[in-house]
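For reference, the structure discussed in these notes is given below.
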Amino acid sequence: MHTFRDAGARKGYPPARMRIVIVGAGQVGSTIVEALHGDHDLTVIDVVRERLEPLAYRYDVGTIEANGASRRALRDAGVGDADLFIACTSRDEVNLVACSFARVEAPHATSVIRTSNVEYIDLWREGRLDVDFAVSSELETAHAVSRSIGIPAARQTDVFAGGQVQIVEFDVPEGADPAVIDLPLREAKLPEDSRVFGIIRDDTLTLPRGSETIRPGDRIVVIGSPTAARAWGSLLSPEEAAVKDVVVFGGGQVGTAIARLLAAQDIGVRLIEPDRDRARAVAEELPECRVYNATGVDVDFLERELIGRAQAAVFAIKDDAENHYAATLARVYGVRFTIAVVHDTISTKVYEQSGVDVTVNPRGVTAEEIVRFAHDPRTQQVAMLEGDRYEVLDMTTKPTSEYVGLRFREMPIRGAMIGAIVRDGKAVFPRSDEVLQAGDRVIVFTETKRVPDVERVL
């Protein structure tokens, strides 16, 4: 979930190049380092040397082998000079203690923690947790899954501007509607309030003009209203229907968060959990869901409960190999749309190669939410696509921007494209004669390596 937060709520406006201290060099921490190392000065603290050495070698960042919940270690890392402090280990207690010390040593730094406990998120929202921002892996994952279920044909979706704008990534199949295939975009019958942000073909990105065409086998990034996003899904996969019946495999924290969110959207949810005590606890916690105490890979159970007739299945089992087997078996028994929660980065390729439709990495979506705090203060939201090769930014234009006062058809394409603007709180999908104004929030798509340039010119 990309929750809107006023950029002005941060502690001042940090310099373009920030001093950042990160506690935790696991998958979340390493993803943050990968995204930020080129534009900021980073120091990473972790107790495991084997995690630190690759980061120091590959990204030339400072590393300290120590417990991040140690005041001495934070001082050694120079936390007193930090503009941003991030505690993103897998242990909530370490993150909270580290942040408490950082608040004392660097009171002017923005502090961000990762947490797996939704109760900490509630405390933060109530103003009773002494951190600037708290990010929950479970909630971020649940929202990512929910967005994918809303548009089954999509590989990835993100929402901006309070849900008024949707970014959707599709693979274009052979059976796509001919109204949008092999025609110049200016002649194709595209859904209203939408625009093709980018076309990825043979691993090369094109920011399309009106003469460009969409072909089967392409991967496209579309921006539009929620209605337009669903229309694109129907054009590219006409057989897909709205999902109203979902089976969730795994009743851990992630699976429970997913089930709770889907049930709140009036989707029928069945949840499968092999541990009897956990299944009983989830059934009490989620009375609106049907909870089964079963393994999810029992053929008799799958047949008896007609699991194969579910419109979609979400696999949130903690072990990737077991998750993969359960997803494969469910597809054998008829489930057409599958979403897998992956924990190891390499598992993403394995799942996709074996036919799983969508993968969601909790650590990846958590890192994505945290990374935005290191962007220009005018940037209110960030989404990362294609293994962080591309980014979508929601940022406010400054009066001195060279683009302000230009019509959209007059704007040069310099490796970036504006797909929507938010003006007076309302999203607008601009036509060629629309004029960009100072203070407009723009939703812009670009390669990650070009982000500093985009922030500078806007």
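Within the range 383-413, track down each residue that is surrounded by fewer than 13 Cβ atoms within 10 Å (Cβ to Cβ) and of a type outside the set (Gly, Ala, Ser).
Across the range 383-413, the qualifying residues are 399, 400, 402, 409, 410, 412, 413.
Let's see how each residue does on (1) over 14 Å from residue 386 (Cβ atoms); (2) in contact with a His (Cβ under 6 Å, 6 or more places away or on another chain); (3) not in a loop (DSSP other than H, G, I, E, B):
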position: 197; (1), (2), (3): no, no, yes
position: 215; (1), (2), (3): yes, no, no
position: 223; (1), (2), (3): yes, no, yes
position: 235; (1), (2), (3): yes, no, yes
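How many residues, within the range 247-268, are in a strand (DSSP E or B) and modelled with pLDDT under 95?
Result for the range 247-268: 1.
For residue 210, work out the one condition from (1) open to solvent by 30 Å² or more (accessible area, probe 1.4 Å); (2) farther than 30 Å from residue 311 by Cα; (3) free of Cβ contacts under 8 Å to residues at least 60 places away in the same chain it doesn't fulfil.
Status for residue 210: all satisfied but (1).
Among 367, 316, 374, 326, which is the only one that is farther than 30 Å from residue 87 by Cα and touching a residue at least 60 places away in the same chain (Cβ under 8 Å)?
Exactly one of 367, 316, 374, 326 is farther than 30 Å from residue 87 by Cα and touching a residue at least 60 places away in the same chain (Cβ under 8 Å), namely 326.
Restricting the range 242-274 to residues that are in contact (Cβ under 8 Å) with a residue 24 or more places away in the chain and open to solvent by 60 Å² or more (accessible area, probe 1.4 Å), which is farthest from residue 167 (Cα to Cα)?
253
Could you tell me which residue of the range 320-353 is most open to solvent (accessible area, probe 1.4 Å), considering only residues that are closer than 17 Å to residue 364 by Cα and outside any helix (DSSP H, G or I)?
Among those residues, the one meeting the criterion is 344.
Within the range 174-196, track down each residue that is open to solvent by less than 30 Å² (accessible area, probe 1.4 Å) and under 19 Å from residue 237 (Cβ atoms).
Within the range 174-196, 176, 179, 180, 181, 188, 191, 194, 196 meet the criteria.
What's the total number of residues in the range 325-382 that are more than 17 Å from residue 248 (Cβ to Cβ) and aliphatic (A, V, I, L, M)?
9
So that you can scan it fast, the table gives a plain yes or no per residue for (1) at pLDDT 85 or above; (2) among the acidic types (Asp, Glu); (3) under 17 Å from the mean Cα position of the chain (by Cα):
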| site | (1), (2), (3) |
| --- | --- |
| 347 | no, no, no |
| 354 | no, no, no |
| 364 | no, no, yes |
| 414 | no, no, no |
| 419 | yes, no, no |
| 437 | yes, no, no |
| 456 | no, no, no |
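Would you mind finding the one in 368, 410, 386, 391 that is more than 25 Å from the chain's Cα centre (by Cα) and modelled with pLDDT under 90?
410
Among the residues of the range 354-368, which ones are of a type in the set (A, V, I, L, M, F, W, C) and assigned to a loop (DSSP other than H, G, I, E, B)?
356
Could you check residue 295 against (1) in a helix (DSSP H, G or I); (2) in contact (Cβ under 8 Å) with a residue 12 or more places away in the chain and say which number it fails?
Exception for residue 295: condition (1).
Tell me, please, whether a residue that is open to solvent by 40 Å² or more (accessible area, probe 1.4 Å), touching a Ser or Thr at 6+ places or on another chain (Cβ under 8 Å) and either at positive phi or modelled with pLDDT under 95 (or both) can be found in the range 277-287.
Checked against the condition, which is being open to solvent by 40 Å² or more (accessible area, probe 1.4 Å), touching a Ser or Thr at 6+ places or on another chain (Cβ under 8 Å) and either at positive phi or modelled with pLDDT under 95 (or both), the range 277-287 yields at least one hit.
Could you check, for the range 227-241, whether at least one of its residues is on the phi > 0 side of the Ramachandran plot and surrounded by fewer than 19 Cβ atoms within 10 Å (Cβ to Cβ)?
no
Contact list please: Cβ distance under 7 Å, first residue in the range 75-103 and over 18 Å from residue 374 (Cα atoms) and basic (Lys, Arg), second residue at pLDDT below 95 and open to solvent by 10 Å² or more (accessible area, probe 1.4 Å), pairs at least six apart or on different chains.
Filtered contacts from the range 75-103: 75/105.
Somewhere in the range 189-196, is a residue within 18 Å of residue 420 (Cα to Cα) and under 20 Å from the mean Cα position of the chain (by Cα)?
Yes, there is a match, as at least one residue in the range 189-196 is within 18 Å of residue 420 (Cα to Cα) and under 20 Å from the mean Cα position of the chain (by Cα).
Can you find a residue in the range 305-328 that is within 28 Å of residue 353 (Cβ to Cβ), touching a Cys at 6+ places or on another chain (Cβ under 7 Å) and not β-branched (Val, Ile, Thr)?
No, because not a single residue in the range 305-328 is within 28 Å of residue 353 (Cβ to Cβ), touching a Cys at 6+ places or on another chain (Cβ under 7 Å) and not β-branched (Val, Ile, Thr).
Quick one: is residue 35 out of contact with any Gly (no Cβ under 7 Å at 6 or more places or on another chain), open to solvent by less than 70 Å² (accessible area, probe 1.4 Å), over 24 Å from residue 137 (Cα atoms) and part of a helix (DSSP H, G or I)?
no
Within the range 49-64, track down each residue that is touching a strand residue (DSSP E or B) at 6+ places or on another chain (Cβ under 7 Å), under 21 Å from residue 91 (Cβ atoms) and surrounded by 16 or more Cβ atoms within 10 Å (Cβ to Cβ).
Residues satisfying the conditions are 52, 55, 63, 64.
Just for helices (runs of 4 or more DSSP H) wholly inside the range 75-173: which have at least 3 residues that are surrounded by fewer than 18 Cβ atoms within 10 Å (Cβ to Cβ) and either of a type in the set (S, T, N, Q) or out of contact with any helix residue (DSSP H, G or I) (no Cβ under 8 Å at 6 or more places or on another chain) (or both)?
Once the helices (runs of 4 or more DSSP H) in the range 75-173 are filtered for at least 3 residues that are surrounded by fewer than 18 Cβ atoms within 10 Å (Cβ to Cβ) and either of a type in the set (S, T, N, Q) or out of contact with any helix residue (DSSP H, G or I) (no Cβ under 8 Å at 6 or more places or on another chain) (or both), what remains is 92-105, 118-125.
Run down 172, 165 and say which single residue is over 24 Å from residue 426 (Cα atoms) and of a type outside the set (Phe, Trp, Tyr).
172
The values are calculated or read from the model by the stated rules, or taken from the named source; none is laboratory data. Computed from a predicted model, the values in this text were never measured in an experiment. Please note: Cβ atoms are built from the backbone with ideal geometry, for glycine as well, and neighbour counts cover all protein chains shown. Areas reflect the complete protein model, heavy atoms only, side chains present, ligands, DNA and RNA absent. Shrake-Rupley method; radii C 1.70, N 1.55, O 1.52, S 1.80 Å.
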